[in-house]
Amino acid sequence: MTGASRAGIRAELDRLGRLGFAVLSLVACLSLAWLVGGLLNSWWWHPPGYVNEGGANIGRDFVALWSAASLALGGAPAAGYDQSLIHAAEQAAIGAPVGLITWHYPPSFLMLVLPLALLPYPAAAILWVAGTFAAFARILQQVAPHPLTWLAALIFPATAQCLISGQNGAFSAALIAGGLLSLERRPMLSGLCWGLLCYKPQVAAAAFIALAFGRYWRVIGIGVVVAVTLALASFAVLGLEPWLAFLRGLGEARALLDAGRVPWDRMATVFASARLVGLGIAAAYGLQIGVALVAVGILAHVWRRRAPLALAGSVLVLSIPLTTPYAYDYDLVMLLLPIAWLVLEARATGFGRGEAVLLIAAWVMPVAGKFIAEATTLQPTWLVLLLLLLTTWQRAEKSKVHHGDTENTENAVSRRSR
C-alpha cells in the first residue's frame, strides 16, 4: 500500500468518525456474512442431482432460463411457456424432483440466451451469475473509481440475492448503468442498452419516460429499433407460437401476483406491500398507481431540466421499483448506482438531514425488508426508496439553483467586461 493510499484511508476514517466507521463496519460484516452463507447454502452441491443439502436446485431461478432455452434448441420454443412442460424440463436438468420455476420473459430475450443451453447446466449457471455481475461491477467502477468498488458491489445485499437466486438483476443493472453513462457521448451504445433492457418491459418503461422528458430522441429511436429488431429476429428464428404463448402467459403472471402465489415479502413494490397489510387488489393497485404518478412527476421534472447525471440517473433508478407492481429484491442491484452517486455528492457538499440514514436503509432493505415483513406484515422497501427519491429531488433542485446563480454571475461579469 502506498503512502498516498494510507493517507487517503486516514482521511476517510477522519471524515466518518468513530460512530460512522462502526456502523459501516457492522453493515459490511453483516452483508458479507449474508453473501457467504447464502452462496454456501444455495450452491453447495449434494449429488447425484444438482441440488443443495435442502433439496433445492443449485442456481435456483436460473433453471427456468436454461430449461426454456434448452427446449427452444430442441425445436419446441413455445414449450417454455407451458408449466407442465418446463417443469419436466427443469427436473430433467437438475436430475431430481424440484419445484416449478415459471418462465414469463419475451421470446426476444429467449433468443439472446439460447447459447447458454449449449453448456452443461452448472457451467451455464456459473457463467450467467458471474458474467453478469462482472459486467456490472466493471461499469460501476466508472461511477466510483476505487479499488474496493467491486467488493462493495459483491457484498451488497441485492447482489447477494441475485447471485443466490441465479437471477438477472445484475444484467439489468449493467444495461441501466451502460445506458446512463453513455447517454451524452455515445448515443448508439446508450440506445443499444435501453433496447436490450426491454426484455423487462416493466423496468424499461420508466427509462423511456425519462429519455422522452430529457428529449433524447435519437437514443429513444435507437432503443426502439433495437427492441423491434430483436422481436423480429426472434419471430424469424423461433416462430410465432412462442410469442402467442408469451402473451397468453401475461395474464397468468398477473393472476399469480394478485393472488399472492409469488413471495410478496421479497418484493420491493407498493402493490406487494399493500397486499401484505391486507388491502384488496383494487386498493393496492390504486396506491401503486398513486405512488407511481408521484415518481413519474419527479422523474419528468428532473429530466426535463437536464439535471447532472448523478442526480438524474439516481432519480431514474429510484423511480423504477416505484412505477411497477413487480420487482423483487434481486432487481435492486441497480440501487448501487444511486447509492454510489449520492455518497459522492454528499462527500462534496455534505449529507442532508436524514440522508445518510436513508442510504444505509437502502443498502440493507433488499434483505432486511423481507424480515421486517415477516415480523410486521409491512414491507418497507418501497417507502425507503420513495423517501430517498424525494431527498434526491431536493438535491437536484439545489443543484439547479446553484447552477442558475453561477450562470447569473457569469453573465453579469460578461456584461461588465463589455
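The numbers here are math on the coordinates, done by the rules we state, and not lab data. On a predicted model such as this, the values are computed, not experimentally measured, just so you know. So basically every Cβ, Gly included, is an ideal-geometry build from the backbone, and we count neighbours across all protein chains shown.
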Note: probe point = Cα of Ile126 + 7 Å toward Cβ; backbone nitrogen < 17 Å; residues of segment 28-62 passing the test are 39-47, 49-52, 58-60, 62
At 0.36 nm per residue, and after removing the present C-alpha to C-alpha distance, how many nm does the segment from Arg186 to Ala233 gain when stretched out fully? 14.5 nm
Centre separation in Å (Cα based) which lies between segment 215-252 and segment 320-342: 24 Å
For each of Val219, Val23, count neighbouring Cβ atoms within 10 Å of the residue's Cβ, then give the residues from fewest to most. Val23, Val219
Gyration tensor on Cα atoms of segment 79-178, a ≥ b ≥ c root eigenvalues, a/c under 1.5 rounded, else prolate if a/b beats b/c, else oblate, says prolate
Cβ-placed point charges (K, R +1; D, E -1), dipole of segment 265-401 about Cα centre in debye, nearest 20: 480 debye
Nearest-ten-degree value, helix 241-259 long axis tilted from longest Cα axis of the chain: 70 degrees
Once Lys and Arg get +1 and Asp and Glu get -1 on their Cβ, which of Leu250, Ile220, Ala134 lies farthest toward the positive end of the dipole of segment 119-250? Ile220
Considering only DSSP states other than H, G, I, E and B, which trypsin sites (Lys or Arg not before Pro) in segment 164-258 qualify as loop sites with at most 14 other Cβ atoms within 10 Å? Arg185, Arg215
What's the exposure ranking of His46, His104, going from fewest to most Cβ atoms within 10 Å? His46, His104
Total charge dipole magnitude, segment 320-400, about the Cα centre, Cβ charges on Lys, Arg, Asp, Glu only, Debye to nearest 20: 300 debye
Segment 22-74 shape via C-alpha gyration tensor axes, a/c threshold 1.5: oblate
Using a/c under 1.5 as the rounded threshold, could you call the chain rounded, prolate or oblate? The axes a ≥ b ≥ c are square roots of the C-alpha gyration tensor eigenvalues, and prolate needs a/b larger than b/c, oblate otherwise. prolate
Where does each of Trp341, Trp44 land when they are ranked from fewest to most other beta-carbon atoms within 10 angstrom? Trp44, Trp341
What distance in nm separates the two pseudo spin-label positions at Ala346 and Leu100, each 7 Å out from Cα along the beta-carbon direction? 4.5 nm
So how long is each side of segment 265-401 along the principal axes, counting just the alpha-carbon atoms, biggest first, in Å? 43, 27, 24
Helix-only CD estimate at 222 nm, as mean residue ellipticity for the chain, using -39500 (n - 2.57) per DSSP H run (n ≥ 4): -24500 deg cm²/dmol
Enter the angle in degrees (range 0 to 90, nearest 10) between the Cα long axis of helix 336-349 and the first principal axis of the Cα atoms of the chain, meaning the one along which they spread out most. 10 degrees
What does the highest-first list of 359-367, 26-34, 313-321 look like by mean Cβ count within 10 Å? 313-321, 359-367, 26-34
By how many degrees, 0 to 90 and rounded to 10, does the Cα axis of helix 83-94 deviate from the longest principal axis of the chain? 90 degrees
Between Leu26 and Ala259, what length in nm is gained on full extension when 0.36 nm per residue of separation is reduced by their alpha carbon distance? 80.1 nm
Given H placed on each backbone N at 1.01 Å, which residues far from Tyr328 in sequence or on other chains put an amide H within less than 5 Å of it? Ala268
With 10 Å bins from 0: P(r) over segment 183-331, alpha-carbon pairs, percent: 11, 33, 32, 21, 2
